[in-house]
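One structure is given below, encoded as structure tokens.
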Amino acid sequence: MSWQIWAVVAGMAVTNFALRLAPIAVLSRMRVPRPIERWLSYVPVSVMAAFVATEVLRPGGAWPAPWSNPYLFAALPTAFIYHRTRSLFGATVAGVLAFLAFRYLLG
């Protein structure tokens, strides 16, 4: 049984690697038109925004009321600090402190 689990894990790893490597290998050898290159540059930002929005709006997979959601309230000053300073560290510190404060207040 143990070797079967490791075989499945190894198979999944090889498949994952192959599926990610193939497009990189193909696209690195060809010139991508500028509009497609610009469009692809938005993919990482879009994926990260989807992750963050999901965790802020539905923490733990539940839909809390907006006025009792410390994640939502903490996201606002975090976004503001990042927008003003462009400092990831500063925004992270502000977000953690804001979350702790709002969690205590909304408790």
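May I ask you to list pairs of residues, at least six apart or on different chains, whose Cβ atoms are under 9 Å apart, with the first in the range 16-29 being on the phi < 0 side of the Ramachandran plot and the second being part of a helix (DSSP H, G or I)?
LEU27/LEU40
Check whether at least one residue in the range 66-77 is closer than 20 Å to GLY107 by Cα and outside any helix (DSSP H, G or I), and report yes or no. So that I can check it myself, show each step before the final result.
Initially, the range 66-77 is screened for residues closer than 20 Å to GLY107 by Cα, giving 66-77.
Next, from what is left, pick out any that are outside any helix (DSSP H, G or I): 69.
Within the range 66-77, one or more residues are closer than 20 Å to GLY107 by Cα and outside any helix (DSSP H, G or I).
Within the range 26-69, count every residue that is over 28 Å from ARG103 (Cβ atoms) and surrounded by 10 or more Cβ atoms within 10 Å (Cβ to Cβ).
Residues in the range 26-69 being over 28 Å from ARG103 (Cβ atoms) and surrounded by 10 or more Cβ atoms within 10 Å (Cβ to Cβ): 8 in total.
So which residues in the range 1-41 are of a type in the set (Ser, Thr, Tyr) and modelled with pLDDT of 95 or more?
Of the residues in the range 1-41, the ones of a type in the set (Ser, Thr, Tyr) are 2, 15, 28, 41.
The one that is of a type in the set (Ser, Thr, Tyr) and modelled with pLDDT of 95 or more: THR15.
Do we have ARG31 as more than 15 Å from the chain's Cα centre (by Cα) and assigned to a helix (DSSP H, G or I) here?
Values: more than 15 Å from the chain's Cα centre (by Cα): yes; assigned to a helix (DSSP H, G or I): no.
Criteria not met by ARG31.
Give the residue that is nearest to ALA79 (Cα to Cα), with candidates limited to residues of the range 36-50 that are in a helix (DSSP H, G or I) and among the hydroxyl-bearing types (Ser, Thr, Tyr). So that I can check it myself, show each step before the final result.
Within the range 36-50, the subset in a helix (DSSP H, G or I) is 36-41, 43-50.
From what's left, among the hydroxyl-bearing types (Ser, Thr, Tyr): 41, 46.
Values: SER41: 21, SER46: 16 Å.
Looking at residues that are in a helix (DSSP H, G or I) and among the hydroxyl-bearing types (Ser, Thr, Tyr), I get SER46.
The values are calculated or read from the model by the stated rules, or taken from the named source; none is laboratory data. Everything numeric in this text was worked out from a predicted model, so none of it was measured. When we count neighbours, we look across all protein chains shown, and the Cβ atoms used for this are built from the backbone with ideal geometry, even at glycine.
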